[in-house]
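Below is one structure; the comments refer to it alone.
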Amino acid sequence: TEYFRLDGSAVRSVFLKNALWADNVKARFGSGGDLEMLHNGTNSFVQNNTGDLFIQNLQDDGDIEFKSDDGSGGIATYLTLDGGEGYTSFAKNLRILDSVYAQFGTSGDFSIGHDGTNTTVQNYTGDLTFTQNSNDKDIIFQSDDQSGGVETYFFLDGSVGVVNFPDDKRLTFGTGRDLFLYHTGSGGAFVNFTGDLVIENRTDDGDIIFKSDDG
């Protein structure tokens, strides 16, 4: 059985059987052994010592897939460079550690990160826009409900085109929350706790009109 051949016409060595490097024996590439592959009996290493390291797939529409154990004895794809669609696909959660920020834009103009205590969303260039493109759907703002749960404080209602504050969610003004505007579900309230309450109309010849049910 032929195991390998020195092909003089193609100027190459051809292996027809598996080549086995024993533990801690390096396979080296480059005149100075600049690229090394090694298994030490426990772990495997690919190490480049000179220049950049490129991983390329020249197959038209071919992918590069990164796979690993799936936590239950199987193998799963974690990351795919999709050559057919032209994007990077994540098939597992992406975890960015504390004080490491995901940056967007050529100059890192937009970033999202968590410092171990707080989360920040920062924009450094241009406007910051939140857009919901799904027909008749909402943008919902939720937070802790003071008893260990989470509830909606207000939402942008895409189906009717209004900003909605659910019952008993108070719109407050002033550093000490001195002015309240809210609805309890059975009645509404506009309450001032500090100083004068001024209702002012600056329109020339404009009125201030108070209306109610006429019975």
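The values are calculated or read from the model by the stated rules, or taken from the named source; none is laboratory data. Not measured: the values here are computed from a predicted model. Cβ: placed from backbone, ideal geometry, glycine included. Neighbour counts: every protein chain shown. These accessible areas exclude ligands, DNA and RNA; they are computed on the full protein's heavy atoms, side chains included. Shrake-Rupley method; radii C 1.70, N 1.55, O 1.52, S 1.80 Å.
The table below gives the values:
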{"quantity": "Kirkwood hydrodynamic radius of the chain, from inverse mean 1/r over distinct Cα pairs, in Å", "calculated": "26.2"}
{"quantity": "Residue among Val14, Val163, Gln56 farthest towards the positive dipole end of the chain, charges placed on Cβ", "calculated": "Val14"}
{"quantity": "Simple Cβ-charge dipole of the chain, Lys/Arg +1 and Asp/Glu -1, about Cα centre, in debye nearest 20", "calculated": "1280"}
{"quantity": "Percent of alpha-carbon pairs separated by more than 16 Å within region 22-95", "calculated": "66"}
{"quantity": "For the chain, built as a Gaussian network whose Cα springs stay under 10 Å, the top-fluctuating residue of Gly108, Gly62, Gly174", "calculated": "Gly174"}
{"quantity": "Relative intensity, log₁₀ I(q)/I(0), of region 105-187 from a Debye sum that treats every alpha carbon as a point, q = 0.14, 0.21 Å⁻¹", "calculated": "-0.78, -1.20"}
{"quantity": "Share of alpha-carbon pairs per 5 Å distance bin for region 59-172, given as whole %", "calculated": "2, 8, 10, 11, 15, 18, 15, 11, 6, 4, 1, 0, 0"}
{"quantity": "Calculated P(r) tail over 16 Å for region 116-155, as whole % of Cα pairs", "calculated": "62"}
{"quantity": "Extension reserve of the Ile209-Thr50 stretch, reckoned as 0.36 nm per residue once the Cα distance is removed", "calculated": "49.3 nm"}
{"quantity": "Calculated from backbone phi, Karplus (6.51, -1.76, 1.60) coupling profile of region 119-136 in Hz, x at Gly/Pro", "calculated": "10, 10, 10, 10, 10, 10, 9, x, 7, 10, 10, 10, 10, 10, 8, 6, 4, 6"}
{"quantity": "Dipole axis of the chain (+1 Lys, Arg; -1 Asp, Glu on Cβ), positive-most option in Asn40, Val100, Gly71", "calculated": "Asn40"}
{"quantity": "Accessible area of the chain divided out per residue, in Å², using a probe of 1.4 angstrom", "calculated": "84"}
{"quantity": "Relative contact order %, the chain, counting alpha carbon pairs below 8 Å whose residues are six or more apart", "calculated": "6"}
{"quantity": "GNM flexibility winner over the chain from Ile75, Ile96, Ile112 (Cα, springs under 10 Å)", "calculated": "Ile75"}
